[in-house]
Every structure is written in structure tokens, then in C-alpha cells.
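Please read the structure below before turning to the comments.
Derivation of every value follows stated rules applied to the coordinates shown; laboratory data play no part. Since we're looking at a predicted model, the values are computed, not measured. Note that each Cβ is placed from the backbone with ideal geometry, even for glycine, and that neighbours are counted across all protein chains shown.
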Amino acid sequence: MNVLLIGSGGREHALANALAKSPRLTKLFCAPGNPGIANVAECVSVDVADHAAVVNFCRLMKIELVVVGPEQPLVEGLVDSLEVAGIAAFGPSKAAAQLEGSKGFTKDLCARANIPTGAYGRFADRDSALAYARKQGAPIVVKADGLAAGKGVVVAMTTAEAEAAIVACFEGAFGAAGAEVVVEEFLEGEEASFFALCDGSRALALASAQDHKRVGDGDTGPNTGGMGAYSPAPVVTDAVSARVMTEIVEPTVRAMAEAGMPFKGVLFAGLMIGKDGPKLIEFNTRFGDPETQVILPRVDDDLLTLLESCARGKLDVPRVNLKPVSALTVVLAAKGYPAAPQKGGEIRGVDKANALDGVVVTHAGTKRSGEALVANGGRVLNVTGFGPDVRAARERAYAGVAQIDFADGFCRQDIGWRAL
Ligand code: AMP
Ligand code: GLY
């Protein structure tokens with residue numbers, strides 16, 4: 001069958017690599033794609049925000065499945081537009097994508113379905129938010145309700161910090177995303193990510209991962225989209241995984257179906273694993289970036305069939321099979337990331353890194369400039385290594401990094417430290 005993948009980052013390159021392996025694939029298209037994706041798919045310049053244009057393209061090219069990578073088109077209802085046109089799409093509807101698009105929506109659902117998460121208050125005005133934060137005291141977490149490109153969360157160690165964050169939110173620091181604020185209990189423990197595939201009524205555990213959000217070694221400096229990740233996460237034991245499914249994922253899928261907005265796609269749970277077990281920090285309704293780069297190569301089933309089954313509400317296999325390998329990815333970013341990444345730096349050696357045993361390079365923010373490959377974004381490449389354990393995977397990943405010549409780039413040297 002013909003498949004259209006939406007997106008242009010490292011996550012989508014990993015999706016493209018996995019879909020391209022499917023014996024059921026006739027042709028893979030990607031809008032807009034990137035130079036790495038172009039090795040396994042035809043990159044096309046369809047405007048993803050123009051739903052009619054996407055539907056027309058699908059009709060013209062006889063696309064039978066659309067796989068949506070990033071959150072923005074989900075929140076904008078691309079899946080709804082495709083389904084109205086009779087085209088199967090992997091990803092939640094606009095209503096179901098509220099699990100990522102509105103933190104207050106998710107907290108209310110957790111309260112209704114008895115899902116373990118931090119205590120919270122949800123506020124549409126500054127003074128009640130301030131009063132709640134003062135009453136609860138620090139440490140406390142202040143979150144803009146809507147999508148704020150990962151910047152809408154302040155973990156306040158003092159009441160003064162929490163007050164400043166609330167004031168900033170209501171003064172428009174995050175635009176419309178901050179028109180409502182969630183003030184939430186500070187959770188202690190170890191963070192991990194958990195991914196489950198859902199078809200509207202059923203869910204299957206996919207895999208766990210841990211990422212590194214801070215830009216600098218030792219988890220220092222500003223937050224980023226993620227500087228590296230590994231899978232599986234040792235903290236997510238089989239027992240924890242089973243609890244995440246029964247206490248968090250399954251009740252969510254049930255509650256969403258009951259609310260008339262069945263969740264289809266991948267549910268990405270950000271967890272805090274503390275002494276009482278796993279608690280939900282937040283949901284994303286798409287694959288993680290760079291977590292996808294370490295999860296999908298571990299999948300031992302046909303990804304195209306799994307994603308299509310989710311889209312068609314027919315996820316009727318008993319489990320997702322994983323290979324007994326660990327994967328670890330290192331993000332090469334452009335100097336200046338995350339504040340002001342330098343564009344245009346030349347990159348050499350990607351082929352040499354890819355030629356190493358147990359190493360795969362995915363493109364996150366690159367473009368062609370004549371014959372050269374140059375940086376075209378904050379996160380530029382992901383170098384992923386595979387091995388029998390995290391230590392071996394890390395060795396392969398950094399061996400790959402050593403082959404790449406990117407003078408205007410940098411990476412963290414300590415990805416995986418928590419697992420070692
Ligand atoms: P989020 O955008 O919700 O993932 O939050 C960004 C980061 O803030 C998370 O990865 C956590 O490190 C931290 N965080 C968010 N909520 C909490 C919480 N309730 N308790 C402790 N840390 C939190
Ligand atoms: N790496 C975190 C995310 O994709 O949201």
C-alpha cells in the first residue's frame with residue numbers, strides 16, 4: 001500500500017526507516033521530509049496545514065494510510081479531515097489530542113478516572129491561581145494549559161518563583177496557551193517515558209525510554225526538546241510496566257471512549273516513578289523525539305501493520321514484540337541551541353558513521369546546499385547505537401558520533417548516565 005508520513009524531524013526519519021522495511025509497503029511519501037528521509041521515501045511539498053490539499057494528494061497518489069508525526073497537525077484536526085474523506089490515519093482526532101493540547105483537560109480526566117497523578121488546581125484567573133499556590137506552598141509546579149513548545153512549565157522551588165510564573169502566564173508569556181493555568185503538586189522520583197499503541201478501545205504496551213531534557217552534561221542549562229535517549233528504561237521494570245498499563249493507560253483509553261472521543265494513535269505518558277509507583281506527569285499524543293529513534297528499531301513486528309491496525313480500530317494482536325536489544329541515541333545540535341541555533345554549518349561523515357556495525361544516523365534538522373549537507377535547525381542529527389545493554393549501545397552511538405565532522409555542532413557526552 002502507499003503511505004504518507006507527515007513531518008520533517010528525526011522522529012519522522014525513524015518512522016520512515018521502520019515503515020520502509022514493511023513487506024506491505026508499495027511507496028512511501030513524506031511531507032515535507034528531510035534529506036535523510038529522502039533516502040527511503042519521496043519527499044513532497046504538500047502544505048500540511050491545508051487539509052484539503054493533503055486529502056487531494058492522498059486521492060491522487062492512492063494513499064491508504066497517513067501517519068502523522070508531530071502534535072500540531074493533530075491538534076489542528078488533520079486526522080478528522082482525513083477520516084471524513086475516508087482515508088485511514090494514524091493519530092488521534094482533534095478532540096482526543098486534547099490529552100496533549102490541554103493540561104487541564106488531562107488533569108480533569110485523571111481525577112474522573114482515578115489515575116495516579118499530582119494534586120492540582122485549574123485556574124482561568126490570576127488571583128485564584130496565586131491564592132492556591134500560596135496555600136499549597138513550594139516546591140510546586142506551574143503549567144500553561146495549552147501547547148507552549150515545551151516552555152510552559154515552571155518547577156518552582158520557592159513560592160516567589162511560583163507567583164512570578166503565574167503572573168507571567170496571565171500577562172501572556174505563552175500567548176493563548178497561558179490563558180488557563182494548572183498549578184500542580186511537585187512529584188518526586190525518577191522520570192521515564194512510556195509508549196502505548198491504542199486503537200480507540202484497546203491499548204498495547206510498546207516500550208519505555210528515558211531522555212535528557214537539559215542542554216548540558218550533568219543535566220545542566222536550559223531545557224531542550226531532548227538531547228538524547230535510550231530504551232528500555234531500567235526503572236520501568238515489567239512490574240512497573242504492568243502498573244502503567246492498568247493504572248494509567250487503560251483507564252485513559254476507557255475514559256476517552258466513554259467521553260465520545262476514542263483515542264487512536266500512540267499515547268506517550270511522561271511518568272514520575274516514586275515510592276508509591278508510577279504517577280502521570282503529562283501525556284503526549286504522538287511519538288517522542290528523540291525517543292522514537294531508540295524505540296522503533298527495537299520493534300520486531302511490522303510497524304506498518306501495527307499503525308494501520310490502530311487507525312482502523314483493529315489492534316487485535318496480544319502484544320508488540322521487541323528485540324532483546326538496547327538502543328541509545330545522541331543528538332548532535334547546532335551551536336547556540338536551544339536559544340539561537342546557528343544555521344548552515346557543514347556536516348561530513350554521516351555515511352562513515354552509518355557504515356559502522358550497530359549504528360544508524362537519522363536526520364533531524366538538515367538540508368542540502370549544492371553537494372553539501374548543512375545544519376538547518378536546532379537538533380541536527382541523531383546518532384543511534386544498538387547493543388545487548390545500554391552500555392554497549394552507548395559505546396556504538398559515541399563511536400558513530402566520532403565519525404561525524406560538524407564543526408558548528410555539539411552534543412552531550414553523558415547520554416545514558418542514569419542507566420549506567
Ligand atoms: P512537561 O512539559 O509537563 O513534561 O514538564 C516538563 C518537565 O517539568 C518534566 O519533564 C519534569 O521534569 C518537570 N515536571 C513537570 N511536572 C512536574 C511535577 N508535577 N513534579 C515534578 N516535576 C515536574
Ligand atoms: N522528547 C520529548 C518529546 O518528544 O516531547
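Observations on the structure shown:
- For the pair Asp50 and Ala372, label points projected 7 Å from Cα toward Cβ lie 3.3 nm apart.
- Mean-position separation - Cα centroids, the range 346-420 and the range 159-214, in angstrom: 28 Å
- Structure-based [θ]222 nm, the chain - -39500 (n - 2.57) summed over DSSP H runs of at least 4, per residue, nearest 500: -8000 deg cm²/dmol
- Size of the range 300-420 as Cα extents on the principal axes (Å, biggest first): 48, 34, 29
- Zone of Lys323's modelled label, taken as backbone nitrogen in the range 10-32 under 18 Å from a point 7 Å along Cα→Cβ: 13-24
- Here's the picture: charge each Lys and Arg Cβ at +1 and each Asp and Glu Cβ at -1 in the range 119-177, and of Thr158, Tyr120, Ala133 the one pushed furthest to the positive end of that dipole is Tyr120.
- Taking the number of Cβ atoms within 10 Å of each Cβ as an exposure proxy, the fewest-first ranking of His363, His212 is His212, His363.
- Comparing Val249, Gly178, Pro234 along the charge dipole axis of the chain, the residue lying farthest to the positive side is Pro234, per the Cβ-charge model.
- Semi-axis lengths, largest first, of the ellipsoid equivalent to the range 1-96 are 19, 14, 12 Å, with √(5λ) applied to each eigenvalue of the Cα gyration tensor.
- In terms of surrounding Cβ atoms within a 10 Å radius of their Cβ, Arg24, Arg418 rank from fewest to most as Arg24, Arg418.
- FRET efficiency, 1/(1 + (r/R0)^6) with R0 41 Å, evaluated for Ala407 and Asp300 via beta carbons: 0.60
- Residue with peak Gaussian network fluctuation, the chain [Cα springs, cutoff 10 Å], from Ala89, Ala168, Ala334: Ala168
- Computed magnitude of the charge dipole of the chain (debye, nearest 20; Cβ of K, R +1, Cβ of D, E -1): 440 debye
- Given R0 = 35 Å, the distance between the Cβ atoms of Ala124 and Asp276 translates into a calculated FRET efficiency of 0.70.
- Here Phe29, Phe263 are placed in order of increasing Cβ neighbour count within 10 Å, fewest first, which gives Phe29, Phe263.
- Dipole of the chain, positive direction: furthest Cα of Pro23, Val215, Cys198, with charges on the beta-carbon: Pro23
- Each principal axis of the Cα cloud of the chain was evaluated for its coordinate range; sorted largest first, these ranges are 59, 47, 41 Å.
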